[in-house]
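*Asks:* I'd like to ask some things about the structure below.
The values are calculated or read from the model by the stated rules, or taken from the named source; none is laboratory data. Since we're looking at a predicted model, the values are computed, not measured. Cβ atoms come from the backbone with ideal geometry, glycine included; neighbour counts cover every protein chain shown. Accessible surface areas use protein heavy atoms only, side chains included; no ligands, DNA or RNA. Shrake-Rupley method; radii C 1.70, N 1.55, O 1.52, S 1.80 Å.
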Number of protein chains: 2
Amino acid sequence: MERRRILLIVFDGLADRPVTELGHKTPLEAALKPTLDWFATNGANGLLDPIAPGIRPGSDTSHLALFGYDPLEVYTGRGPFEAAGVGIPVERGDVAFRCNFVTVDDDLTVVDRRAGRIREGTAELEKALDGIKLGRVKAFFRAGTEHRGALVLRGKGLSPKVSDTDPHEHGVKVEDAKPLEPKAKATAKAVNAFTKEAYKRLKDHPVNRERVARGEMPANLVVCRGAGIFPDIEPVPQRYKLKAAGIAGVALIRGMFRAVGMDVLDVEGATGGLDTDMVAKAEAALQALRTYDLVIVNVKAPDLCGHDGKASEKIKIVERIDQMMAHVKAKLPPDVILALTADHATPCALMDHSGDPVPLTIFGEGVLVDAVSHYDERSVAAGLLGRIRGRDLMPILLSLSNRAEKFGA
Amino acid sequence: MERRRILLIVFDGLADRPVTELGHKTPLEAALKPTLDWFATNGANGLLDPIAPGIRPGSDTSHLALFGYDPLEVYTGRGPFEAAGVGIPVERGDVAFRCNFVTVDDDLTVVDRRAGRIREGTAELEKALDGIKLGRVKAFFRAGTEHRGALVLRGKGLSPKVSDTDPHEHGVKVEDAKPLEPKAKATAKAVNAFTKEAYKRLKDHPVNRERVARGEMPANLVVCRGAGIFPDIEPVPQRYKLKAAGIAGVALIRGMFRAVGMDVLDVEGATGGLDTDMVAKAEAALQALRTYDLVIVNVKAPDLCGHDGKASEKIKIVERIDQMMAHVKAKLPPDVILALTADHATPCALMDHSGDPVPLTIFGEGVLVDAVSHYDERSVAAGLLGRIRGRDLMPILLSLSNRAEKFGA
């Protein structure tokens, strides 16, 4: 039984709802996409509910499901994945937060929630904040893009059940973190100690002195939200006994890969934006398959069009995805099981994620080919895969790649 | 993101099995139903297993599932919903029973299980029984239709694990309630105290004296069955953050609505019988959508035909349902997501509920239309919704009406 390799390509937010201006077609249906249709024609097709029918997924929960985990079991909040995304090596039991650099006045009232859209100097501010000791708790901090960052608290008995310090609006004071369960008291205390210490270290920091001198708002505090505890999950490589790598431009998805023990590969030109070099991503994935058994690629662009409500842009992105897939088709080794799906729908009419199912095509040797000939939300429903859940995908791919362990004897 | 309203119409026991005399068609397939077919043609279709494939649902468990709850988690017995149906305000932790007025002799041997099919005077008998104190337990009693009623016990630490006092046959003595688990002792004791006290209060009650004088059997005792504890469930309005109302003629379904915190609307002519005014129900539902976000309608008639084993009657009921749906079609506001399904199959050949899946059509703006053109058990299987479970329906409707909360970020 020859083991195959697995290439899973996740088109972020690809699925959509019928658009009146497109004659009630979805952008995916309206686009010219001969290569995607070729894969559907020569593969097995179906609909996939990322979490469960009707459940609106976040990108984090849906990726956990696509990796084969039960998000209801392992997901407590976005913080840990965001932290992993900006490069903090997260450990089980760590409590992590998403952070913003903000501008506050002497009273800790928020003047600007993005610290004047700071772009430079955050690496130095990071150094001032990383490694702070808060009693028995140690704080790790990393700056992300622009005003974003992540905070990780490490120590015994921490709880993610604490409220945000981010007041989520301007003109009000930074909040005290409050324990939302009795055993979260120590965690809330540590968060509040971090707020105090961060202000002390940032307010007169050279970077901020210079900003003020230039007439810019200082990044003189960090506020926290979305606390989550890093779950006790078995990493992908051990769980499936394979070497696994991920390719993504967006920090959150890179963090998801890292959090489940996958290597994150850098690809020049893979930005996670509309300008991303998709062919470069495809080429990197094909290269990675030489040394990895499982490669997962996230293509963020369709999600951005959905959030912007731009159906015509989404059609163009699908057509660029099709070119990317032409590159994959030309170079795909014969022993690779390829899966094409989305992490959720981002309907242009909704400008946000919806709970609609997404199309799934599986292509490769040993796959029973069905009569479906188009890769879209409607056509794939007639396919052999029926309607499955996100969590089911990885076991199916492991089985088709002859890597699944037998349950029973 | 515009929020839509939801109209869910449950055709009780609608689904069926092939009937030889109908050329192996089901009654639904044999009926003339252009409007139901119109909705199927212009909607998304699929099969729904109310609980899970092959599981034979009661109307209570299936409605819980259609409301979005897991009946395996929240259902302990029919009593609580029957009690809510006859108007007892049930509280969490209450143990409730379905009851019958019966005729017993001096020895408490059951002479007639329906107290001579008593129809009048039960409201007065109810008064004699309601509010009895049984030690630390308080008993609430309501008469239902004819010989039926419900008993609710309220107190600390009650258990639903007690046996019936209803012997379920004539000519034998009323049973003692027995505890089926150690902590049910106090509950069994309270039930037995109720039996004793009820007989004392009923045997010489004026209503019964008059019945005996007229040569009718006295309703001189109440027997109990189907103990259930009222579950700790989050009511529908809080759970889904909407205003919800239900329309049904049958007491049990009205009780189901009340038990999950929905308003129950009265409709003149909506009897829950074969003579029910279905168009009046449809009109009431359309009116209710002016003030409610979610309206659920139960149409009982097809179930009655199934229990009676009358396929030709069931065809006629389907054709009346089609007229009802013509009224809905003519007046449905454009921002309503409409779902048409059944709570279970009641095949005429079985004269009882079966575990077969039921047809589901979802119609409305944003719904991806499939190629199905008939609303019946066979045709819908080719539809876009695939095969889902009862519990999945509410999340799907919430997502399509843009009311679902995101899981993750």
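*Asks:* Looking only at the stretch B:184-219, count every residue that is open to solvent by less than 10 Å² (accessible area, probe 1.4 Å) and polar (S, T, N, Q) and tell me the total.
*Replies:* 2
*Asks:* Within the stretch A:83-112, track down each residue that is closer than 21 Å to A:Leu202 by Cα and within 28 Å of the chain's Cα centre (by Cα).
*Replies:* Once the filter is applied, which keeps residues that are closer than 21 Å to A:Leu202 by Cα and within 28 Å of the chain's Cα centre (by Cα), the stretch A:83-112 yields A:Ala83, A:Val86, A:Ile88, A:Ala96, A:Phe97, A:Arg98, A:Cys99, A:Asn100, A:Phe101, A:Val102, A:Thr103, A:Asp112.
*Asks:* Which residue out of B:Arg92, B:Arg117 is in contact with a His (Cβ under 8 Å, 6 or more places away or on another chain) and open to solvent by 10 Å² or more (accessible area, probe 1.4 Å)? Break it down into steps so the answer makes sense when it comes.
*Replies:* Working: B:Arg92 fails: in contact with a His (Cβ under 8 Å, 6 or more places away or on another chain).
B:Arg117 is the lone residue from the list that is in contact with a His (Cβ under 8 Å, 6 or more places away or on another chain) and open to solvent by 10 Å² or more (accessible area, probe 1.4 Å).
*Asks:* Follow-up question, since we're still on this one. What is the number of the single condition among (1) farther than 27 Å from B:Ile55 by Cβ; (2) without any contact (Cβ under 8 Å) to a residue 60 or more places away in the chain; (3) of a type outside the set (S, T, N, Q) that B:Ala285 does not meet?
*Replies:* Of everything listed in (1) farther than 27 Å from B:Ile55 by Cβ; (2) without any contact (Cβ under 8 Å) to a residue 60 or more places away in the chain; (3) of a type outside the set (S, T, N, Q), B:Ala285 misses just condition (2).
*Asks:* Here's something else I'd like to know. Considering only the stretch A:67-84, state which residues are away from every other protein chain (no Cβ under 12 Å) and among the small types (Gly, Ala, Ser).
*Replies:* A:Gly68, A:Ala83, A:Ala84
*Asks:* Starting from residues that are away from chain B (no Cβ under 13 Å) and touching a Lys or Arg at 6+ places or on another chain (Cβ under 7 Å), keep the ones in the stretch A:1-36 and report whichever is most open to solvent (accessible area, probe 1.4 Å).
*Replies:* Only one residue fits best here, namely A:Arg3.
*Asks:* Continuing with the same structure: Return the total of residues in the stretch A:37-66 being out of contact with any strand residue (DSSP E or B) (no Cβ under 8 Å at 6 or more places or on another chain), more than 9 Å from chain B (Cβ to nearest Cβ) and buried (at least 23 other Cβ atoms within 10 Å of the Cβ). Before you say what the answer is, go through the steps one by one.
*Replies:* Taking the stretch A:37-66 as the starting set, the residues that turn out to be out of contact with any strand residue (DSSP E or B) (no Cβ under 8 Å at 6 or more places or on another chain) are A:37-38, A:41, A:54, A:59-60, A:62, A:64.
This time we only want the ones that are more than 9 Å from chain B (Cβ to nearest Cβ), so: A:37-38, A:41.
Those left that are additionally buried (at least 23 other Cβ atoms within 10 Å of the Cβ): none.
Of the residues in that region, 0 qualify.
*Asks:* State the number of residues belonging to the stretch A:103-157 that are out of contact with any strand residue (DSSP E or B) (no Cβ under 8 Å at 6 or more places or on another chain) and farther than 21 Å from A:Ala188 by Cα.
*Replies:* Adding up the residues that qualify gives 10.
*Asks:* Residues of the stretch B:259-291 being more than 20 Å from B:Arg320 (Cα to Cα), in contact with a strand residue (DSSP E or B) (Cβ under 6 Å, 6 or more places away or on another chain) and either outside any loop (DSSP other than H, G, I, E, B) or open to solvent by 30 Å² or more (accessible area, probe 1.4 Å) (or both), which ones?
*Replies:* Scanning the stretch B:259-291 gives B:Asp263, B:Val264, B:Leu265, B:Ala288.
*Asks:* Related question: If we scan the stretch B:225-241, do we find a residue that is out of contact with any helix residue (DSSP H, G or I) (no Cβ under 9 Å at 6 or more places or on another chain), open to solvent by 30 Å² or more (accessible area, probe 1.4 Å), outside any helix (DSSP H, G or I) and among the charged types (D, E, K, R)?
*Replies:* Within the stretch B:225-241, one or more residues are out of contact with any helix residue (DSSP H, G or I) (no Cβ under 9 Å at 6 or more places or on another chain), open to solvent by 30 Å² or more (accessible area, probe 1.4 Å), outside any helix (DSSP H, G or I) and among the charged types (D, E, K, R).
*Asks:* Across the stretch B:370-396, which residue is farthest from the chain's Cα centre (by Cα) among those that are within 7 Å of chain A (Cβ to nearest Cβ) and among the aliphatic types (A, V, I, L, M)?
*Replies:* In this case the residue turns out to be B:Leu384.
*Asks:* Which residues, counting only those in the stretch B:158-169, are assigned to a loop (DSSP other than H, G, I, E, B) and either of a type in the set (Asp, Glu) or under 11 Å from B:Ala190 (Cβ atoms) (or both)?
*Replies:* Within the stretch B:158-169, B:Leu158, B:Ser159, B:Asp164, B:Asp166, B:Glu169 qualify.
*Asks:* Another question about this same structure. Here are the criteria: (1) modelled with pLDDT of 95 or more; (2) open to solvent by 10 Å² or more (accessible area, probe 1.4 Å). Tell me which single one A:His344 does not satisfy.
*Replies:* Exception for A:His344: condition (2).
*Asks:* Residues in the stretch B:67-85 that are in contact (Cβ under 8 Å) with a residue 60 or more places away in the chain, among the aliphatic types (A, V, I, L, M) and surrounded by fewer than 24 Cβ atoms within 10 Å (Cβ to Cβ): how many?
*Replies:* 1
*Asks:* Scan the stretch A:1-29 and report the pairs whose first residue is within 25 Å of A:Arg403 (Cα to Cα) and whose second residue is among the acidic types (Asp, Glu), with Cβ atoms within less than 8 Å and a gap of 6+ or a chain change.
*Replies:* Going by the 8 Å Cβ cut-off, the qualifying pairs are A:Glu2/A:Asp335; A:Arg3/A:Asp293; A:Arg4/A:Asp335; A:Arg4/A:Glu365; A:Arg5/A:Asp293; A:Arg5/A:Asp335; A:Ile6/A:Asp293; A:Val10/A:Asp343.
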